[in-house]
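We did not get these values from a lab; they are worked out from the coordinates using the rules stated. Model, not experiment: these values are computed from the prediction. All Cβ positions, glycine included, derive from the backbone under ideal geometry; neighbour counts span all protein chains shown.
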Amino acid sequence: MSTDTDRAFAFMSRGDMAGTDTEMTPFGLAVRSTATPLRQDSNYLLVDSTDARASQLATAVQRLKLRVAVVKDEATGARLVDGFDAIGWQAHHHLVMIHRHAPGKPVDTSLATEVDEAALRDFRRTGILSAPWGRAELADQILLAKQLIAERLTTRFFAVLDAGEPVAATDLYLDGDDAQVEDVVTHESHRNRGYASALVMRAVEEARAAGATFVFLVARADDWPQHLYARLGFETIGFYYKFFI
């Protein structure tokens, strides 16, 4: 794993992936949150074992009452995919991408407006509940996590508004020289209008203005947004896996 990827994980462990307590296990660090026990990114086993079997990790995650196994070492994650598939667990392959150059074409960042966290709650809740996995209790905890992150890091929120209501949004987390662009969402009825590009680049601009020299985001390796982010100047620097029921 590259130094830059380690830096991104260290940042996430202070913010988006922080919990309320940790426990060292034979397979790696268990992180959990008493405030948001249903949220994956607050309740996980950060695997550092390179020879553990999928069945062993699944048993550990369930025994520890966690939600997911996170494997930072890509080779280990790739090795575990078939084993987790055999026991009915899902695998998500993620990219860590760092902003390194200007977009391939101009982006109208004036479309993005800074708002407060509360202004996005209904928009976020609707999006969560419309997902196949969405339910009210989980939505409450995901939204609460936004407020908890703000207690650890500087957080800023940006939206594209239509008649005063958000139709697209993203978060920006800041801590010293580091910044993360997170949770880029556009309502389905407003896609293909450049809103995601405007939001991401507005967040990058604000991060740079605040002094951040390391600006990154995370994307799914099997989904289209990674290509948008590449066009906006982000380069892939590392990979990791998540495994969950």
(request) Search the structure for amide H atoms under 5 Å from the amide H of D48, placed 1.01 Å from N in the peptide plane, and list their residues when 5 or more places away or on another chain. (result) G28, L29
(message) Neighbour counts of other C-beta atoms within 10 Å: give me V71, V81 arranged from fewest to most.
(response) V81, V71
(message) Can you divide the C-alpha Rg of the chain by 2.2 N^0.38 Å and report the result to two decimal places?
(response) 1.00
(request) Set the Förster radius R0 to 25 Å, insert the Cβ-Cβ distance between D108 and L129 as r into 1/(1 + (r/R0)^6), and round the FRET efficiency to 0.05. (result) 0.25
(request) Compute the Rg to Rh ratio over segment 10-131 from the alpha carbon atoms, using the Kirkwood formula for Rh, and round to two decimal places. (result) 1.05
(request) Note the full-extension length gain between N192 and R100 as 0.36 nm times their separation in residues minus their Cα-Cα distance, in nm to one decimal. (result) 30.7 nm
(message) Can you list residues from other chains, or at least 5 along the same chain, whose modelled amide H is less than 5 Å from the amide H of G238?
(response) V96
(message) What distance in nm lies between label points placed 7 Å from Cα along the C-beta direction at F214 and D4?
(response) 1.1
(message) Based only on other Cβ atoms within 10 Å, what is the fewest-to-most ordering of S49, S2, S110?
(response) S110, S2, S49
(message) Please enumerate, by chain and number, the lysines with C-alpha under 21 Å from the C-alpha of K72, excluding those fewer than 8 residues away in the same chain.
(response) K242
(request) Rounded to whole Å and ordered largest first, report the semi-axes of the equivalent ellipsoid of segment 60-151 derived from its Cα gyration tensor (root of 5λ). (result) 31, 23, 13
(message) 5 Å is the cut-off here: which amide hydrogens, built 1.01 Å from N in the peptide plane, fall below it relative to H187, excluding neighbours closer than 5 in sequence?
(response) A168
(message) Give the average over all directions of the projected area of the C-alpha convex hull of segment 109-237, one decimal, in nm².
(response) 8.2
(message) Please rank T213, T36, fewest neighbouring Cβ atoms within 10 Å first, as an exposure proxy.
(response) T213, T36
